[in-house]
1. Please find, within the range 94-121, the residue that is farthest from the chain's Cα centre (by Cα) out of those that are among the charged types (D, E, K, R) and surrounded by fewer than 17 Cβ atoms within 10 Å (Cβ to Cβ).
2. Looking only at residues that are over 22 Å from GLU205 (Cα atoms) and aromatic (Phe, Trp, Tyr) in the range 304-342, which one is farthest from the chain's Cα centre (by Cα)?
3. Within the range 221-266, track down each residue that is within 14 Å of GLU280 (Cβ to Cβ) and surrounded by fewer than 19 Cβ atoms within 10 Å (Cβ to Cβ).
4. Looking at the range 5-43 only, could you name the residues that are small (Gly, Ala, Ser), touching a helix residue (DSSP H, G or I) at 6+ places or on another chain (Cβ under 7 Å) and modelled with pLDDT of 95 or more?
5. Quick test of your reading of the structure: GLU7 fulfils all but one of (1) farther than 23 Å from GLY178 by Cβ; (2) among the charged types (D, E, K, R); (3) surrounded by fewer than 17 Cβ atoms within 10 Å (Cβ to Cβ). Name the failing condition by number.
6. With the requirement that a residue be among the β-branched types (Val, Ile, Thr) and within 16 Å of ligand 1 (Cβ to nearest atom), what does the range 137-189 give you?
7. Within the range 102-115, identify whether any single residue is more than 18 Å from ILE50 (Cβ to Cβ) and of a type outside the set (A, V, I, L, M), and answer yes or no.
Amino acid sequence: MQALVTEPGVAHSTRVEEIEPPDGGGVRLRMLEVGVCGTDREISEGLFGIPPDGRATLVLGHEALAVVDRDGHGFTRGDLVTATVRRSCGHCLACGEGAPDSCLTGDYSERGITRLDGFARELVSEDPAQLIPVPGSLGRLGVLAEPASICARAIRHARTIGGRQPWELRRALVIGAGAIGVLSTVLLRLDGVEVWTAALEPSNELVEGTGAHYVSTVDTPLSELGRFDLVVEAAGSAQLMAASLGLLRRSGVACLLGIDPRKQTVELDGPTLALDTILENRVLFGSVNAQRRDWLAAVAALDRARERWPEALERFVGLRVPLDRFAEAFAYRGGKATLVLS
Ligand SMILES: [Zn+2]
Ligand SMILES: [Zn+2]
């Protein structure tokens, strides 16, 4: 069967290759669609990723939508499912409690990223405990479950952190309008939060379609938008991450989701850090990955979003191509691109 494979550490080694089908164990899945994102691009550029033990190649793909191919383990042929990405390290407190997103050793594995083959192939055998049911009503939009789970986890943590003291999440700023920025906007709007989403592009129909305010940072600096109970940085700019602390109201929480690995020094206003953050009980924190409950929450939220803003989400998945056109999907910048497997 066909798979999208890469040699981690070797730039431009990504290719479609014939591999052996899975040999049973777990639930057999027929993959429908796999979303691509910056992580896939980075692995493909040789910057990231670890192959399974004893191998040079890794099957890519961690944003899965599949259909159950054979009855078993409580699943029925035809069920739509997605699957978690990060798996237990097997020897830490967090993983032992079902929270590999908080793994304390870093020895976890991740489908399509670290030590575990991904989903960009025709058939996968998956551990039933890692499967997340996708309602039929959500259909192909189930492919957004993985990025939405990242946002659901981040917002859950922000609410927990903010909620350690009397606090209300009324006004939020989302910086960045890629998949994580847009889906964070969608989740916060479903909760009735007043959301401002800021990015470089002149406009964003999906963001505006959810009743959020879209701001082009080319015309309007973030400092002119007032202050926020929550700031979500999803643009991947270390400088904006530092600046987010200064955009918070009293007891405000800033959550960092974008990644910026560039070696650099960023500026942070002294009194913002060493005066306002203390006197106003502000918090800046990072969030990665998601656990089962976030996946369940994400899938449920996507289904509500589809009901509420039907065309918007459909338009957000802007490019669907077959596996051999992966380069087009990797180059796509207009929303979410996916690889269609069947
Ligand atoms: Zn991704
Ligand atoms: Zn662990």
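1. Of the range 94-121, the ones among the charged types (D, E, K, R) are 97, 101, 107, 110-111, 115, 117, 121.
Keeping just the survivors that are surrounded by fewer than 17 Cβ atoms within 10 Å (Cβ to Cβ) gives 97, 107.
Details: GLU97: 22, ASP107: 20 Å.
Here the answer is GLU97.
2. Filtering first and then ranking leaves PHE326.
3. ARG227, ARG249, ARG250, SER251
4. GLY35
5. (3)
6. Filtering the range 137-189 for residues among the β-branched types (Val, Ile, Thr) gives 143, 150, 155, 160-161, 174-175, 180, 182, 185-186.
Correct list: VAL143, ILE150, ILE180, VAL182.
7. Applying the first criterion (more than 18 Å from ILE50 (Cβ to Cβ)) to the range 102-115 yields 102, 104.
Add one more test, that the residue is of a type outside the set (A, V, I, L, M), and what stays is 102.
Scanning the range 102-115 turns up at least one residue that is more than 18 Å from ILE50 (Cβ to Cβ) and of a type outside the set (A, V, I, L, M).
Listed here are the residues, each with its yes/no results for (1) outside the structural domain of ILE50 (by TED's automatic domain parsing); (2) more than 15 Å from ligand 2 (Cβ to nearest atom); (3) not in a helix (DSSP H, G or I).
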| residue | (1), (2), (3) |
| --- | --- |
| CYS95 | no, no, no |
| GLY98 | no, no, yes |
| THR105 | no, no, yes |
| GLU110 | no, no, yes |
| GLY118 | no, yes, yes |
| VAL124 | no, yes, yes |
| THR160 | yes, yes, no |
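The values are calculated or read from the model by the stated rules, or taken from the named source; none is laboratory data. Predicted model only: the values in this text are computed from it and were never measured. So basically every Cβ, Gly included, is an ideal-geometry build from the backbone, and we count neighbours across all protein chains shown.
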